[in-house]
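Please read the structure below before turning to the comments.
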Amino acid sequence: MRCGACVGTCPVNAMTLEETHVTVSPDCISCLLCLRTCPVGALDDVEVE
Amino acid sequence: MAEVQEWDVVVIGGGPGGSMAARDAARAGLEVLLIEKRQEIGSPVRCGEGIARVWLDEVGIPPNLRWIAHEVNGARIVAPNGQFVDLTEAMAGNETGFVVHRDIFDRTLAEDAVRAGTKTLMKCSATGVIKNGSGAVVGIRARHWGEELELRAPVIISADGYESQVGRWAGIDTKLSPRDINTCLQYELVGIDIDPDFNEFHIGSMAPGGYLWIFNKSDDSANVGIGVNLSLVKNRADVKMYLDRFIERHPKLAKGQNVETVAGAVSVCMPIECTTMDGLMLVGDAARMIDPITGGGVANACQAGMVAGRVAKQAHDAGDFSKGFFKAYEDGWRAVIEDQMFRNYIAKEKLISMTDDTINKIIDALQGYQIERITTMDILRMVQDRYPEVMEELQDLL
């Protein structure tokens, strides 16, 4: 949906909303809040860049 | 080598808060640049699109048929058992008014900012903040159609929304806990049977820690959406499951067809402790100024944006862009919205743990009363009369 909900929720600011996808930096701590936040379950897995 | 531009004020984000800040700063004679990362202002919509009539006058936005989809006369609060209470505009205060086309509404505000003298850059994303040797924010780095820019200004106003980055880059703590986030999903359904005079708010376990809404966009269409508190979300796509289940169980909605899906998250906490630093003011969702009970942020963002625009002018007149000077911004927006936000925050904290049975009793307690204006104290008195045992749970609202 590119709504940015996951980006705003990330407690360590590891996510960036790009034109067509979300990127996750190595700062990710694997809390998986982003997966729960996504209202439509679009984040199947979080792959760190 | 990045192109360097000098401005009096750079506003990040073309939503209502950013446009109002830009408008008022430009009206005061400042050179204002408004940047927006998307290619158009107002889209995609991430909003239930309900706005209260009463604050439009306060912020100088006349109602406009360009962006008014539907006018409603009241709010219907529906309990889990289906019992409801209707609040007309006189009773509900600022909870009734218009359902709008948010994309056109936002565009109209941006046009007003432009007509006041604001310059704009679309598809221009902030990529970092620029600080001087003393740690003051003196500009931002940005990318515009692939080209790197340095946008320098003694006043940066960041209205970059829920996913705000500028505040974090500058060192302001905007982190949220799961309890302070409602994650939301909405469908615009057409061909449904609704009472066009009332927007509906369904509360209870069908929307854990939040509520389901039906905001009428016409006589047979509505935004039907849900907000669920993230602390109560257990599985992926729970939010979609709750919304789909609600629609299935209401034949008048289930017959409808979805023409637009909207998703997003809102903060349901108090605003962040400090919304400024040297050279920087945060406005709207970026500063967590969203109403904790309703999830509405447009009014608060507009009001804060206006204050930011005025303070930007005052700062330029004084030649002082320090956090100390920007206290005028803090004091200004808090005077307008903080009290209401605090009351609604307390109510939201109650709602997260309230059982369906308690909600049913509260709504039942309000039946049959004729009152001019309803307040929290009125509700508590009525509940005390009919269900005194429920008051134990609501003591700290007194």
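The values are calculated or read from the model by the stated rules, or taken from the named source; none is laboratory data. All of these numbers come straight from a predicted model, not from anything done at the bench. Every residue, glycine among them, receives a Cβ derived from its backbone with ideal geometry; neighbour counts consider all protein chains shown. Only protein heavy atoms, including side chains, enter the accessible area calculation; ligands, DNA and RNA are left aside. Shrake-Rupley method; radii C 1.70, N 1.55, O 1.52, S 1.80 Å.
Quick rundown of the values:
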{"read-out": "Carbon/sulfur fraction of accessible area - chain A, other protein chains in place, 1.4 Å, %", "value": "51"}
{"read-out": "Spacing of the two label points (7 Å from each Cα toward its C-beta) at B:Asp385 and A:Leu32, in nm", "value": "5.0"}
{"read-out": "Nearest-0.05 FRET efficiency for B:Ser218 and B:Ser134, computed from C-beta distance (R0 56 Å)", "value": "0.55"}
{"read-out": "Net +/- balance of residues flanking B:Arg23 in space, Cβ distance below 13 Å, scoring K and R +1, D and E -1", "value": "+1"}
{"read-out": "Dipole moment magnitude, nearest 20 debye, the protein assembly as shown about Cα centre, only Lys, Arg, Asp, Glu C-beta charged", "value": "360"}
{"read-out": "Protein accessible surface hidden between A and B, which excludes ligands and nucleic acids, total in Å², probe 1.4 Å", "value": "2000"}
{"read-out": "Theoretical gain in end-to-end length, B:Thr88 to B:Lys175 [0.36 nm per residue, Cα-Cα removed]", "value": "27.6 nm"}
{"read-out": "Carbon and sulfur %, accessible surface of the stretch B:1-95 computed with the full protein complex present, 1.4 Å", "value": "49"}
{"read-out": "Nearest-10 value in Å² for the accessible area of B:Arg46, using the 1.4 Å probe", "value": "100"}
{"read-out": "Peptide B:227-235 - average C-beta neighbours from other chains (10 Å radius)", "value": "2"}
{"read-out": "Heavy-atom surface of the stretch B:1-130, accessible at 1.4 Å and reported per residue (Å²)", "value": "40"}
{"read-out": "Phi-based couplings in Hz for the stretch B:114-131 (Karplus 6.51, -1.76, 1.60; Gly and Pro marked x)", "value": "5, 5, 7, x, 5, 9, 10, 10, 8, 6, 10, 9, 5, 10, x, 9, 10, 10"}
{"read-out": "Alpha-carbon centroids, the stretch B:114-190 and the stretch B:275-338: separation in whole Å", "value": "14"}
{"read-out": "The stretch B:100-188 shape via C-alpha gyration tensor axes, a/c threshold 1.5", "value": "oblate"}
{"read-out": "Interface residues in the stretch B:242-272 - accessible area drops by 40 Å² or more relative to the isolated chain, probe 1.4 Å", "value": "B:Ala263"}
{"read-out": "Estimated FRET transfer efficiency (B:Asp193, A:Arg2; beta-carbon r; R0 30 Å; 0.05)", "value": "0.40"}
{"read-out": "For B:Val4, solvent-accessible area (1.4 Å; no DNA, RNA or ligand), Å²", "value": "80"}
{"read-out": "Rel. contact order, % - alpha carbon contacts under 8 angstrom, at least six apart, chain B", "value": "20"}
{"read-out": "Label-to-label distance, nm, for residues given as B:Glu111 and B:Ala2 (7 Å Cα→Cβ offset)", "value": "3.3"}
{"read-out": "Net lengthening on full extension, B:Arg249/B:Asp339 (0.36 nm per residue, minus Cα-Cα)", "value": "28.6 nm"}
{"read-out": "Where labels lie 7 Å past Cα in the beta-carbon direction, separation of B:Ser205 and A:Ser25 in nm", "value": "4.2"}
{"read-out": "Peptide B:47-53 - average C-beta neighbours from other chains (10 Å radius)", "value": "0"}
{"read-out": "Most fluctuating residue given options B:Ala301, B:Ala142, B:Ala159, as computed from a GNM of chain B linking Cα atoms under 10 Å", "value": "B:Ala142"}
{"read-out": "Cross-link pairs B:Lys37/B:Lys119; B:Lys252/B:Lys361; B:Lys234/B:Lys350; B:Lys123/B:Lys327; B:Lys217/B:Lys361; B:Lys175/B:Lys313 - those with Cα-Cα distance over 22 Å", "value": "B:Lys252/B:Lys361; B:Lys123/B:Lys327; B:Lys217/B:Lys361; B:Lys175/B:Lys313"}
{"read-out": "Of B:Ala25, B:Ala170, B:Ala335, the one that fluctuates the most in a GNM where chain B has Cα springs shorter than 10 Å", "value": "B:Ala335"}
{"read-out": "Candidates B:Gly50, B:Gly60, B:Gly74: whichever shows maximal mean-square fluctuation once chain B is modelled as a Gaussian network with Cα springs under 10 Å", "value": "B:Gly60"}
{"read-out": "Inter-chain shielding of A:7-20 (mean C-beta neighbours from other protein chains, 10 Å cut-off)", "value": "5"}
{"read-out": "Antiparallel DSSP beta bridges within the stretch B:31-135, as percent of all bridges there, nearest 5", "value": "75"}
